[in-house]
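First comes the structure, then the notes that go with it.
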Amino acid sequence: MASSLPVKETKLMDVKLGELPSWILMRDFTPKAITGEIQRGYYRYYKYLYARAGALLGFLLAAYGLFNYYSYKELKHEQLCKYH
């Protein structure tokens, strides 16, 4: 089954092994294009990284809040018991 997109517009994941040399030769190797590809990869990676870091930070804050909540309840109980 032939793809409807030209070989140049297909993603690397969708290129068949036989089409790989022609796909590589059709790429743009000018300095501007290479810089653009590096920038695009950088921003995609850091967008993914920041999303993961934000989720981890949220989880850590929630765990910290729960820990302090339960610790405070125990300390409050001990404080009230000392003066009775």
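At a glance:
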{"item": "Sole residue being open to solvent by 90 Å² or more (accessible area, probe 1.4 Å), within 26 Å of the chain's Cα centre (by Cα) and at pLDDT 90 or above, chosen from LEU61, LEU56", "result": "LEU61"}
{"item": "Residues satisfying the stated conditions in the range 48-68, i.e. among the aromatic types (Phe, Trp, Tyr) and within 29 Å of LYS11 (Cα to Cα)", "result": "TYR48, TYR50"}
{"item": "Selection within the range 24-47 - assigned to a helix (DSSP H, G or I), of a type outside the set (Ser, Thr, Tyr), closer than 18 Å to LYS11 by Cα and open to solvent by 80 Å² or more (accessible area, probe 1.4 Å)", "result": "LEU25, MET26, GLU37, ILE38, GLN39, ARG40, ARG44"}
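The values are calculated or read from the model by the stated rules, or taken from the named source; none is laboratory data. Bear in mind that the values here come from a model prediction, so they are computed numbers and not experimental data. Surface areas here come from the heavy atoms of the whole protein model, side chains and all, with no ligands, DNA or RNA. Shrake-Rupley method; radii C 1.70, N 1.55, O 1.52, S 1.80 Å.
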